[in-house]
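The values are calculated or read from the model by the stated rules, or taken from the named source; none is laboratory data. No experiment lies behind these values; they were computed from the predicted model shown. Because the Cβ atoms are built from the backbone with ideal geometry, glycine has one as well, and the counts that use them run over all protein chains shown. SASA here: full protein model, heavy atoms, side chains in, ligands and nucleic acids out. Shrake-Rupley method; radii C 1.70, N 1.55, O 1.52, S 1.80 Å.
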Amino acid sequence: MPEPNPAPERRGGEPRHRRPAPLLFEPPDAAADPEHFFDLESIEDPRELLGRATELALAFRAAADRAMEFQAVAAAQLADPRRFDRLPDEAIAERAEWTADYARKMIEFGRELMRDRAPE
């Protein structure tokens, strides 16, 4: 399987690690079994297992990158000085469980994303 294009370079520091959100499309009874993970445990052929596990890893990486971009855009929107209910950087940091410095970097990243996506 060829290597995909690398994810865009991240800006700023890493957020504190949190427990991952439950994956909504996996049955609840399967999620309760710690050995169950997208039925990978049932794949006997190591080639098939490597291929499927790689597909999942790439999908999760892409999903994490995309979710981070949505976080940045939301942070930038919440910090927008034109909003009457604008939140200070520290309040955004608290809501997202970030440091204030990381929140400022994410706000700036979100502003860049919104500028890049704005129609000209």
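Structural remarks
- Only one of A64, A74, A118 that is touching a helix residue (DSSP H, G or I) at 6+ places or on another chain (Cβ under 9 Å) and either in contact (Cβ under 8 Å) with a residue 60 or more places away in the chain or not charged (D, E, K, R) (or both): A74
- Condition check for A63: modelled with pLDDT under 95, within 18 Å of the chain's Cα centre (by Cα), of a type outside the set (D, E) and not in a loop (DSSP other than H, G, I, E, B): yes
- Test for E26: is it surrounded by fewer than 11 Cβ atoms within 10 Å (Cβ to Cβ) and either at pLDDT below 90 or in a loop (DSSP other than H, G, I, E, B) (or both): no
- Restricting attention to region 92-103, the residues that are open to solvent by 30 Å² or more (accessible area, probe 1.4 Å) and either assigned to a loop (DSSP other than H, G, I, E, B) or within 18 Å of F70 (Cβ to Cβ) (or both) add up to 3.
- Considering the conditions (1) modelled with pLDDT under 95; (2) part of a loop (DSSP other than H, G, I, E, B); (3) among the charged types (D, E, K, R), D80 is excluded by exactly one of them, (1).
- Looking only at residues in region 33-57 that are of a type outside the set (V, I, T) and surrounded by 14 or more Cβ atoms within 10 Å (Cβ to Cβ), the one that is farthest from the chain's Cα centre (by Cα) is L49.
- Of all residues in region 104-120, those that are loosely packed, with under 10 Cβ neighbours inside 10 Å and in a helix (DSSP H, G or I) total 3.
- Residue that is among the acidic types (D, E) and surrounded by 18 or more Cβ atoms within 10 Å (Cβ to Cβ), where the choices are D89, D85: D89
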